[in-house]
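First the structure, in the form of structure tokens, and then the observations on it.
The values are calculated or read from the model by the stated rules, or taken from the named source; none is laboratory data. Small disclaimer: the values here were computed from a predicted structure and weren't measured. As a convention, Cβ positions derive from the backbone with ideal geometry for all residues, glycine included, and neighbour counts pool all protein chains shown. Ligands, DNA and RNA are stripped out before the accessible areas are found, and what is left, the full protein with its side chains, is counted by its heavy atoms. Shrake-Rupley method; radii C 1.70, N 1.55, O 1.52, S 1.80 Å.
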Amino acid sequence: MSGRKETVLDLAKFVDKGVQVKLTGGRQVTGTLKGYDQLLNLVLDEAVEFLRDPDDPLQITDQTRHLGFIVCRGTAVMLVSPTDGTEVIVDNPF
């Protein structure tokens with residue numbers, strides 16, 4: 001056993017590509033992944049936050065806020081997914 005710890009996620013394949021990040025508290029951000037570390041701190045460029053509905057904080061609206069260059073702390077990151085290959089399902093199939 002080596003003393004070096006490695007992350008479970010392999011984010012190297014997402015560097016310089018678009019990612020969607022969900023954070024604790026319900027925030028959702030998309031941007032270009034520029035870097036990361038073993039604690040899952042993420043550096044995003046051209047980041048855009050999707051604003052939540054003031055009446056229903058669990059609902060994401062179409063309104064956005066341009067953030068630019070940001071660092072997402074690893075303790076707040078809940079989900080990292082690529083933006084390529086994802087789409088919104090409008091109609092409920094059930």
(request) Could you tell me whether the range 1-14 includes any residue that is part of a strand (DSSP E or B) and of a type outside the set (K, R)? (result) no
(request) Give the residues of the range 19-32 that are of a type in the set (A, V, I, L, M, F, W, C) and either touching an Asp or Glu at 6+ places or on another chain (Cβ under 7 Å) or farther than 10 Å from V80 by Cβ (or both), sorted by residue number. (result) L23, V29
(request) Scan the range 47-69 and give yes if some residue there is open to solvent by 100 Å² or more (accessible area, probe 1.4 Å), of a type in the set (A, V, I, L, M, F, W, C) and over 16 Å from the mean Cα position of the chain (by Cα), otherwise no. (result) yes
(message) Just the residues that are open to solvent by 100 Å² or more (accessible area, probe 1.4 Å) and assigned to a strand (DSSP E or B), please, taken from the range 70-94.
(response) M78
(request) Kindly indicate whether any position in the range 54-70 is under 24 Å from L11 (Cβ atoms), out of contact with any strand residue (DSSP E or B) (no Cβ under 9 Å at 6 or more places or on another chain) and polar (S, T, N, Q). (result) no
(message) Suppose the filter is more than 17 Å from V88 (Cβ to Cβ), under 11 Å from the mean Cα position of the chain (by Cα) and polar (S, T, N, Q); does T75 pass it?
(response) no
